[in-house]
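Undergrad: Sharing a structure here in structure tokens format.
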Amino acid sequence: TLPQAENDCIYLDYNGTTPIHPMVLDAMVPYFTRHFGNPSSSHAYGQVPRAAVAKARRAISSLLHSRETTIHSPTNTNTNTNTNTNT
């Protein structure tokens, strides 16, 4: 159960998970429900997710004024840590 004063609580335990912004959830629902294929796969199920990843990379690189090839999506915490400490 949640604390009685839930609205007054400041939650600081974001080590394992964080709340998702409603706009992010709305954008991701199609990929959780219909287009859930692996974007790295060559089969048809991966085509829509692959296009979405490419679109996201373009948007992020535009926002950061960088090249799309510099935007990486680590698959797990270890990959993220190794990538960030070895570059």
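Undergrad: Got a sec to turn the phi values of segment 47-62 into Karplus ³J(HN,Hα) couplings, 6.51 cos²θ - 1.76 cosθ + 1.60 with θ = phi - 60°, whole Hz, x for Gly and Pro?
TA: The phi angles translate into 5, 5, x, 4, 5, 5, 5, 4, 5, 5, 4, 4, 5, 5, 5, 5 Hz.
Undergrad: Now for a different question. Residue-wise, which Karplus ³J(HN,Hα) couplings in Hz belong to segment 10-21, taking 6.51 cos²θ - 1.76 cosθ + 1.60, θ = phi - 60°, and x for glycine or proline?
TA: 9, 8, 10, 8, 8, 5, x, 7, 9, x, 9, 5
Values in this text are rule-based calculations from the coordinates and carry no lab data. Just so we're clear, the structure is a prediction, and the values are computed from it rather than from any experiment.
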